[in-house]
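See below for the structure under consideration.
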Amino acid sequence: MKKMNVIVIFNKKLTQTLMCIRTKEPYKGMYNLVGGKIEKENDGLNEAYRELYEETGITKDDTNLIYFMNLSYVKWEKELEVYYGILNKDVKLVEEVNKLEWVSTNDNFFDMNRYAGEGNIGHIIEEIKIDMK
């Protein structure tokens, strides 16, 4: 099974969520969560920190990631691990490939003309918001 991760990062005040703008298909030009392939079997959390650092420059010292949920795509033999974290300080973002942008946590993440993932981003963020209450 192919494993991937996505990481939802909130600013300190919980008013913004970090998004990348995809540079390639699928979903080219749309907002997406940061993340990528899990390269080492059974090492999900470290892989999430690795992807987060590679794509944004955010380190373990900047946030504490919480392993929150899995989404399994049985037909395609894919599993998506979902992590989230809240920044504990202001950070300078370092873009790897995709442009990074902070988006209001009040945005409509279910807008499939703007956000990748066929509504999954909206589902993931709304579930995390419930967990943080």
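Cβ-Cβ distance below 8 Å, separation of 6 or more or different chains: which pairs start in region 110-128 with a residue that is of a type in the set (Lys, Arg) and end on one that is open to solvent by less than 50 Å² (accessible area, probe 1.4 Å)?
Pairs that qualify, where the first residue is of a type in the set (Lys, Arg) and the partner is open to solvent by less than 50 Å² (accessible area, probe 1.4 Å), are Arg114/Met30; Arg114/Tyr31.
Please indicate, with yes or no, whether at least one residue in region 120-132 is open to solvent by 90 Å² or more (accessible area, probe 1.4 Å) and outside any helix (DSSP H, G or I).
Within region 120-132, the first condition is being open to solvent by 90 Å² or more (accessible area, probe 1.4 Å), and the residues that meet it are 130.
Next, from what is left, pick out any that are outside any helix (DSSP H, G or I): none.
No, region 120-132 contains no residue that is open to solvent by 90 Å² or more (accessible area, probe 1.4 Å) and outside any helix (DSSP H, G or I).
Do any strands (runs of 3 or more DSSP E) lying entirely in region 1-50 carry at least 3 residues that are among the hydrophobic types (A, V, I, L, M, F, W, C) and open to solvent by 30 Å² or more (accessible area, probe 1.4 Å), and which ones are they? Give the derivation first.
On the way: elements: 2-10, 16-21, 34-37.
So the answer is none; nothing clears 3.
For Ile58, which of the numbered conditions (1) among the aliphatic types (A, V, I, L, M); (2) over 14 Å from Leu18 (Cα atoms); (3) free of Cβ contacts under 8 Å to residues at least 60 places away in the same chain fails to hold?
(2)
Spot the failing condition for Tyr67; the list is (1) part of a strand (DSSP E or B); (2) open to solvent by 100 Å² or more (accessible area, probe 1.4 Å); (3) free of Cβ contacts under 8 Å to residues at least 12 places away in the same chain, and only one is missed.
(3)
Return a yes/no flag: does region 92-107 have any residue that is assigned to a strand (DSSP E or B), among the charged types (D, E, K, R), open to solvent by 50 Å² or more (accessible area, probe 1.4 Å) and farther than 14 Å from Ile7 by Cβ. Talk me through it step by step, then tell me what you get.
Here is the first cut: in region 92-107, the ones assigned to a strand (DSSP E or B) are 99-104.
Those still in the list that are among the charged types (D, E, K, R) too: 99, 101.
Now restrict to residues that are open to solvent by 50 Å² or more (accessible area, probe 1.4 Å): 99, 101.
Subsequent filtering for residues that are farther than 14 Å from Ile7 by Cβ retains 99, 101.
Looking for residues that are assigned to a strand (DSSP E or B), among the charged types (D, E, K, R), open to solvent by 50 Å² or more (accessible area, probe 1.4 Å) and farther than 14 Å from Ile7 by Cβ, one finds at least one in region 92-107, hence yes.
Looking at the structure I just gave you, is Glu77 out of contact with any Pro (no Cβ under 8 Å at 6 or more places or on another chain), open to solvent by 90 Å² or more (accessible area, probe 1.4 Å) and on the phi > 0 side of the Ramachandran plot?
In short, yes.
Any residue at all in region 17-30 that's of a type outside the set (A, V, I, L, M), in contact (Cβ under 8 Å) with a residue 12 or more places away in the chain and closer than 18 Å to Glu127 by Cβ? Please lay out each step first, then the result.
Filtering region 17-30 for residues of a type outside the set (A, V, I, L, M) gives 17, 20, 22-29.
Subsequent filtering for residues that are in contact (Cβ under 8 Å) with a residue 12 or more places away in the chain retains 17, 20, 22-23, 26-27.
Next, from what is left, pick out any that are closer than 18 Å to Glu127 by Cβ: 17.
For region 17-30, residues of a type outside the set (A, V, I, L, M), in contact (Cβ under 8 Å) with a residue 12 or more places away in the chain and closer than 18 Å to Glu127 by Cβ: present.
Considering only residues that are open to solvent by 60 Å² or more (accessible area, probe 1.4 Å) and either under 15 Å from Leu52 (Cβ atoms) or in contact with a Gly (Cβ under 7 Å, 6 or more places away or on another chain) (or both), which ones fall in region 108-119?
We begin by selecting, within region 108-119, every residue open to solvent by 60 Å² or more (accessible area, probe 1.4 Å); these are 108, 110, 112-114, 118.
Selection gives Phe110, Met112.
For residues in region 25-47 being among the hydrophobic types (A, V, I, L, M, F, W, C) and within 13 Å of Met4 (Cβ to Cβ), which is modelled with the lowest pLDDT?
Result: Ile38.
Can you spot a residue in region 49-66 that is closer than 16 Å to Ile124 by Cα and touching a helix residue (DSSP H, G or I) at 6+ places or on another chain (Cβ under 7 Å)? Before the answer, list the steps.
Going through region 49-66, the residues closer than 16 Å to Ile124 by Cα turn out to be 65-66.
From what is left, the residues that are touching a helix residue (DSSP H, G or I) at 6+ places or on another chain (Cβ under 7 Å) are 65.
Yes, region 49-66 has at least one match.
The values are calculated or read from the model by the stated rules, or taken from the named source; none is laboratory data. This one's a predicted model, so the numbers in the text were calculated from it and none came from an experiment. Note that each Cβ is placed from the backbone with ideal geometry, even for glycine, and that neighbours are counted across all protein chains shown. Side chains included, ligands, DNA and RNA excluded: accessible areas come from the protein's heavy atoms. Shrake-Rupley method; radii C 1.70, N 1.55, O 1.52, S 1.80 Å.
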